[in-house]
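In what follows, a structure is listed as structure tokens, so that the remarks can point back to it.
The values are calculated or read from the model by the stated rules, or taken from the named source; none is laboratory data. Values in this document were obtained by computation on a predicted structure and should not be read as measured data. All Cβ positions, even for glycine, are placed from backbone atoms using ideal geometry, and neighbour counts span all protein chains on display. Ligands, DNA and RNA are excluded from the accessible area calculation, which covers all protein heavy atoms including side chains. Shrake-Rupley method; radii C 1.70, N 1.55, O 1.52, S 1.80 Å.
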Amino acid sequence: MSTHPIIVELVERRSLLGLTQIEMARRTGMSQSMISEMETGVNPNPTLKTIIKYAQAVNMLFEVKDVPC
């Protein structure tokens, strides 16, 4: 399964910080299985709210920018 580049970057940050999926579950209020499904691509379309929670848990800012077409 393919994982979106945003998720890959978030997982790399989690690994860099030495956090487990269980610790991420505690920090985000999500279940460990939900974290795993997002990270592995089982859930290829996590909600924006989920991505933001995950990003905040690894001290990253998720930003949406308006760009010209």
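All alpha carbon pair distances within the chain were sorted into 10 Å bins beginning at 0; the resulting P(r) in whole percents reads 21, 57, 18, 4, 0. Considering only protein heavy atoms and a 1.4 Å probe, what is the carbon-and-sulfur percentage of the accessible area of the chain? The value for the chain is 55 percent carbon and sulfur by accessible area.
Think of it as helices only: each DSSP H run of n ≥ 4 in the chain is worth -39500 (n - 2.57), and spread over all residues that comes to -17000 deg cm²/dmol at 222 nm.
Find the accessible area per residue for the chain; the probe is 1.4 Å, ligands and nucleic acids are left out, and the unit is Å². Working shown, then result.
On the way: 4820 Å² over 69 residues.
That works out to 70 Å² per residue.
Going by alpha carbons, how many degrees (0 to 90, nearest 10) lie between the helix axis of 48-57 and the longest principal axis of the chain? Here the helix axis deviates by roughly 60 degrees. Taking the Cβ of Ala55 as the center, what net charge do the other residues with Cβ under 14 Å away carry, scoring Lys and Arg +1 and Asp and Glu -1? That works out to +1. Other residues lying with their Cβ under 12 Å from the Cβ of Glu39 contribute a combined charge of -1, Lys and Arg counting +1, Asp and Glu -1.
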